[in-house]
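The values are calculated or read from the model by the stated rules, or taken from the named source; none is laboratory data. All values derive from a computational prediction rather than experimental measurement. Note that we place each Cβ from the backbone using ideal geometry, even for glycine, and neighbour counts take in every protein chain shown.
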Amino acid sequence: MKRTPMTLRGAEALRAELKRLKSEARPAVIKAIAEARSHGDLSENAEYHAAREQQSFIEGRIREIESKLANAEIIDPSTLPQTGKVVFGAVVELEDEEGNRLVYQVVGEDEADIAAGRISVGSPIARALVGKSEGDVVDVAAPGGVRSLEIVEVRL
């Protein structure tokens, strides 16, 4: 199966969510199901059906996280050689045509959070940046049209 790149921070966040789901959410929903069962007729018991649906969601999310962690290729950007090129985990400072500065870190799919300055390695901006060096200008197809971005600095 294909390995999925992930930063150490992203893997730790998934492990923490998995631990919370297994130690808190799963026992709570089992308790809710038992409580709903004690109310009698299950065919017309909305609490029971809601708890079972929640249990299904939790179990699905647990399987999804376990699969992602099993297929993760955890990359620590600080151990990569400083080449000046944009690679997975790099923090890239960009400047657009209007002179606005943007700072993004190229991270795994599950870690992406544009508000926090983290973009997925599969996003159009990251795909355009990977492999480029400081001083390069890249054209990115954005919903509002093509944007030109100059790579000002690359940090690992």
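Here Ala46, Ala72 are screened, and the one residue that is loosely packed, with under 11 Cβ neighbours inside 10 Å and either closer than 27 Å to Val130 by Cα or free of Cβ contacts under 8 Å to residues at least 40 places away in the same chain (or both) is Ala46. Which condition number in (1) closer than 30 Å to Leu156 by Cβ; (2) part of a helix (DSSP H, G or I) is the one that Leu21 fails? Of everything listed in (1) closer than 30 Å to Leu156 by Cβ; (2) part of a helix (DSSP H, G or I), Leu21 misses just condition (1).
Restrict the check to region 28-43 and report whether at least one residue is within 27 Å of Val106 (Cβ to Cβ), outside any helix (DSSP H, G or I) and of a type in the set (A, V, I, L, M, F, W, C). No, the conditions are met nowhere in region 28-43.
Yes/no matrix, rows are residues, columns are (1) among the hydrophobic types (A, V, I, L, M, F, W, C); (2) within 21 Å of Arg155 (Cβ to Cβ); (3) touching a His at 6+ places or on another chain (Cβ under 9 Å):
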{"residue": "Ile62", "(1), (2), (3)": "yes, no, no"}
{"residue": "Lys68", "(1), (2), (3)": "no, no, no"}
{"residue": "Pro77", "(1), (2), (3)": "no, yes, no"}
{"residue": "Pro81", "(1), (2), (3)": "no, yes, no"}
{"residue": "Gly84", "(1), (2), (3)": "no, yes, no"}
{"residue": "Glu93", "(1), (2), (3)": "no, yes, no"}
{"residue": "Val103", "(1), (2), (3)": "yes, yes, no"}
{"residue": "Glu111", "(1), (2), (3)": "no, yes, no"}
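Scanning for something surrounded by 12 or more Cβ atoms within 10 Å (Cβ to Cβ), in contact (Cβ under 8 Å) with a residue 12 or more places away in the chain, more than 18 Å from Pro77 (Cα to Cα) and of a type in the set (Gly, Ala, Ser), does region 93-114 turn up at least one residue? Within region 93-114 (the criterion being surrounded by 12 or more Cβ atoms within 10 Å (Cβ to Cβ), in contact (Cβ under 8 Å) with a residue 12 or more places away in the chain, more than 18 Å from Pro77 (Cα to Cα) and of a type in the set (Gly, Ala, Ser)), the answer is no, since none of the residues qualifies. Considering (1) within 25 Å of Lys68 (Cα to Cα); (2) at pLDDT 90 or above, the lone condition that Val92 does not fulfil carries the number (1). Residue count for region 1-12 under the criterion of being loosely packed, with under 15 Cβ neighbours inside 10 Å and either at pLDDT 95 or above or part of a helix (DSSP H, G or I) (or both): the result is 2. Scanning region 18-40 turns up no residue that is closer than 30 Å to Val138 by Cβ and surrounded by 15 or more Cβ atoms within 10 Å (Cβ to Cβ). Only residues that are more than 22 Å from Leu80 (Cβ to Cβ) and among the charged types (D, E, K, R) were counted in region 133-154, giving 3.
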